[in-house]
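Report on the following structure.
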Amino acid sequence: MVESDVIEKMNPIFQDVFDDESIVVTPATVAADVEGWDSLAHIRLIVALEQAFAVRFSAAEASSFENVGQVVSSIIAKGGR
Amino acid sequence: MPLEGIGTSSPDSAGAVDCQSFGLEFTVSEADQQAFALLSGDYNPLHLDARFAEARGLSGAVVYGAMIVAKISQIVGMHLPGPSGIWSALKIDFRQPLYVGETAHVQIDTSHYSEATRTLSLKIAVTCGERLIASGSALATLHSR
């Protein structure tokens, strides 16, 4: 997958996790840009992304992502599909 | 509310939990319904008065949906993942009514374990014989010392 494929597949996941169909993320999106992106929502997001892309993040990764672009890079590096 | 639980273990595949699946049977009595009505303040006669419910096309008093959720809570809190876990999400669809006095089976299976967040994704099915009463999913996160 390339970055645009991952982002395209990510958007409905974000919309579902944050219950907001208007969310459109970009590589530059950070937690502060998304209303409700707290620690519990972060857990739901990580779990949903792992299942959707058939990848597994480490605990260190999951707590250190600084923006959506870093998540996308990790998914691509792990062979997400 | 008599209970019977059965778990299956597979420690290698889930890692941090002892049990991958857990099921239990339960039967909700009229006394259980009355107790829940008192607790919740929901005195809807569809749940408490079989004649009232039957006059409206049902086959008897309908078990409160929250009573079914309570049995799911029992499994999550006591068995899968158990006392170190707490749930952070629940989605449930009620498909068909469960009637007071019927015995139902709640089955919860682990569909995914996220090591990064120490969170289990759980699939839930509640059946009564061949009838699917409810289905859904939940997330439960492990908290250890």
Two-site FRET efficiency, A:Val2 against B:Glu115, from Cβ-Cβ distance with R₀ of 30 Å, rounded to 0.05:
0.70
What Kirkwood radius, in Å to one decimal, follows from the Cα pairs of the stretch B:21-145?
15.3 Å
How long are the semi-axes of the equivalent ellipsoid of the protein assembly as shown, taking √(5λ) for every eigenvalue λ of the Cα gyration tensor, in whole Å from largest down?
39, 20, 15
Take the Cβ-Cβ distance between B:Asp42 and A:His42 as r, set R0 to 30 Å, and report the resulting FRET efficiency rounded to the nearest 0.05.
0.30
Within a 10 angstrom radius of each residue's Cβ in A:31-40, how many Cβ atoms of other chains show up on average? Whole number is fine.
1
Most mobile of B:Glu30, B:Glu130, B:Glu115 in a GNM of chain B (Cα contacts under 10 Å):
B:Glu130
Starting with the fewest neighbours, write out B:Thr127, B:Thr103 ranked by other beta-carbon atoms found within 10 Å of each beta-carbon.
B:Thr103, B:Thr127
Stretched out fully, how many nm does the piece from A:Val24 to A:Ala60 gain, at 0.36 nm a residue minus the Cα gap?
10.4 nm
Per 10 Å bin, what percent of the C-alpha pairs of chain A does each bin hold, from zero upward?
19, 61, 20
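None of the figures in this text is laboratory data; all of them are computed from the coordinates on show. This structure is a prediction, so every number in the text was calculated from the model and none was measured. We place every Cβ from the backbone using ideal geometry, glycine too, and count neighbours over all the protein chains shown.
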